[in-house]
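All remarks here apply to the structure that follows.
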Amino acid sequence: MSAPNYEPIIGRYVTIEVAGRSYRVYVEEAGQGQPVICFHTAGADSRQWRHIMNDAEMTTNYRFIAPDMPWHGKSLPPEGFEEEEYLLTTEVYVETVLKLVEALGLENPIYAGCSMGGRIALQLALNNPEPFKGFIAIEASDFQPAWYDIDWFHRPDAHGGEMGAALVSANIAPQGPKAERWNTQWMFMQSGPGVFRGDLNFYTKDDSLVGKLGGIDTSGKPLHIMVGTYDMTCTPEDAKRTADQIPGATLAVMEGIGHFPMSENPATFRPHFIEALAKMG
Amino acid sequence: MTSDLRDRFEDMGRELAAKPHLLRLGALFSETVLIEIDGNEYYLAFHRGELERVTEGPSRQTPWRFAIRTDAEALAKFWEPVPEPTFHDIFGFVKTGRGRIEGDILLLVKNLRFFKEFMALGRQEEATA
C-alpha cells in the first residue's frame, strides 16, 4: 500500500474569547519560517488561500496560517446564535485577529487579508500595528458603500448563498480558470444564513477609516495594497485613492484579476503575492 | 440592426433550450424581461426557463418584471469573448453609468445566475459561465 497523497495543509481548532464570548475557530496552516496570517473575504472561508498554502516554493520560507472567521467555514458561531442577528463590527473583527495571533503564539507575523480582510489590515496598521511585521491589504480601501441591497442575501423566501454567489461573480475576472472561478463562488453558496449580509454590514457601513489613513506609520511596518482590474467592489481607483493617503504605502494593480485573487486565478496572483511578501522585509 | 438583435436573442434562446442546467436553474422563471438597447425595446418572454418569444417594441402595453437598458456599444463589449473590466457583467453597466437595471430587481437577484448565464450566451465563446 502506498502512503496517502495528502496535501501539506493541516487543519486544527483553537478556542478564543472575543468580547466576552467563546468561539471555536478552525485554522489551517502550511509551511515553515516567517509566519503569515491570512484572512478571507466576506461570505467565504480559508479555502480561498489553499493555492498559496499548497505552493511548495513559498512554503519553504513562509508559514501560512489561515483561520475561518467565527461563523464562517468550519468555525462555529457562538452559543446562542440561533436567536441572534449576525452583524460583524470593526471592534469584534480586530479583537478576533489579535486574539488569534496571541492564541496561536505567532511572533511578528505578516498580516494578509482580502476585501474585508484587507480593510482590517488598514485598521490594524492604524490602531494595532504592534504584533505585526507588515501588512498586505488585498482588494482593500478605506470605505466602500454598497452598490447593492445587502438585505437581498438573507431572506426567508430565497437562498442567500446562491444569490450572493451570483452577485459576487460580477467581481470575478473572466481570465481565471473556469474551475477556480466556480470554486470561488461555491464558498459563497455554502455560507451560513445571514453571514454574508452580516459581513457586508461591516464592509459597506463602517467608514471609520475615512480621513485617518494618513496616521498609518509605514516606516517600520510596510503596507502593500493589491487590487485586481476586474474588481467592481474595490476598484483600482478605490485602492489608489486609499494608497495615496498613506505615506510610504505601495500599490500593485493586477491585470486580469477580480476581487478574489488568490482563489479565482492562483497562477496570475502568485507572482504578485511573492512580490508582496518580499516587500515585508 | 434592430432585427439583428432580435435574431441574436432568439439564437440565445435556442442555445438556452440546449442547456439542461440552465433550464433547471430557470425552472421557476416565467417572466417577461425588457432589454432596451439605444432606445429600441426587446421583450423577452420566458416560460419555465425557456425563451418563448422575443417581441420588438415600442410597446406601452407589454408588462415586464425587470428591464436592462444600455447602449449597443456596451452590449457588444459585454459580448466580447473576454470582455474588458466593467463590461464583463450586467451590473457593470450600472456601476459605470452605461446602463440601468429597473423594475423588480429582487426578482432578478433571485434568478441572477440563470439570467446572467442567459445573457452571456450572446458571447462568441463562453468566457464567464
In the neighbourhood of A:M116 defined by beta carbon distances under 10 Å, the net charge of the other residues (Lys, Arg +1; Asp, Glu -1) is -2
So, relative contact order of the range B:2-120 in percent, Cα under 8 Å, 6 or more apart, is 23 percent
Taking 0.36 nm per residue of separation between A:V253 and A:K279 and subtracting their Cα-Cα distance, the length gained on full extension comes to 7.9 nm
Rounded to 0.05, the calculated FRET efficiency for the beta carbons of B:E84 and A:E95 at R₀ = 45 Å is 0.65
When chain A is treated as a Gaussian network with springs between alpha carbons less than 10 Å apart, the largest mean-square fluctuation among A:P261, A:P174, A:P236 is found at A:P174
To the nearest 20 debye, the protein assembly as shown has a Cα-centred charge dipole, built from +1 on Lys and Arg Cβ and -1 on Asp and Glu Cβ, of 340 debye
Checked against a 18 Å limit on the C-alpha separation, the offending pairs among A:K221/A:K279; A:K240/B:K77; A:K212/A:K240; A:K178/B:K110; A:K178/A:K240 are A:K240/B:K77; A:K178/B:K110; A:K178/A:K240
Here the residues of the range A:17-37 lying in the modelled label zone of A:A103, meaning backbone nitrogen under 20 Å from a point 7 Å along Cα-to-Cβ, are A:17-30, A:35-37
Loop-resident GluC sites (Glu not before Pro) in the range A:1-99 with no more than 13 other Cβ atoms inside 10 Å, DSSP not H/G/I/E/B, are A:E57, A:E79, A:E84, A:E85
Per residue convex hull volume, Cα only, the range A:10-279, in Å³ is 112 Å³
For the A:N128, B:A27 Cβ pair and Förster radius 60 Å, calculated FRET efficiency rounded to 0.05 is 0.75
For the pair A:D244 and A:Q32, the simple spin-label estimate (label points 7 Å beyond Cα toward Cβ) gives in nm 4.6 nm
Excluding residues fewer than 8 positions from A:K133 in its own chain, the aspartates and glutamates with Cα under 16 Å of it are A:E102, A:E107, A:D217, A:E275
In whole µm²/s, the translational diffusion coefficient that Stokes-Einstein assigns to chain B, given a Kirkwood hydrodynamic radius over C-alpha pairs, 20 °C and 1.002 mPa s, equals 147 µm²/s
Of the range B:1-34, those with amide N under 15 Å from the point 7 Å along the Cα→Cβ vector of B:I101 are B:33-34
With A:Y86 itself left out, Lys, Arg at +1 and Asp, Glu at -1 over residues whose Cβ is under 10 Å from its Cβ give -2
Between the modelled labels at A:K74 and B:D11 (7 Å from Cα along Cα→Cβ) the distance in nm is 4.8 nm
Taking R0 as 22 Å and r as the Cβ-Cβ distance between A:A3 and A:N61, the FRET efficiency 1/(1 + (r/R0)^6), rounded to the nearest 0.05, comes to 0.30
Label model pair A:F81, A:R12: point-to-point distance (7 angstrom along the Cα→beta-carbon line) in nm is 2.3 nm
Surrounding charge for A:M226, neighbours by C-beta under 13 angstrom, Lys/Arg +1, Asp/Glu -1, total -2
Treating only Lys and Arg (+1) and Asp and Glu (-1) as charged, each at its beta carbon, one finds that the range B:2-120 has a dipole about its Cα centre, in Debye to the nearest 20, of 500 debye
Chain A: relative contact order from alpha carbon pairs under 8 Å, six or more residues apart, as a whole percent, is 19 percent
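Coordinate-derived values only; no laboratory data. Computed from a predicted structure; not experimentally measured. Heads up, the Cβs are rebuilt from the backbone with ideal geometry, glycines too, and the neighbour counts pull from every protein chain shown.
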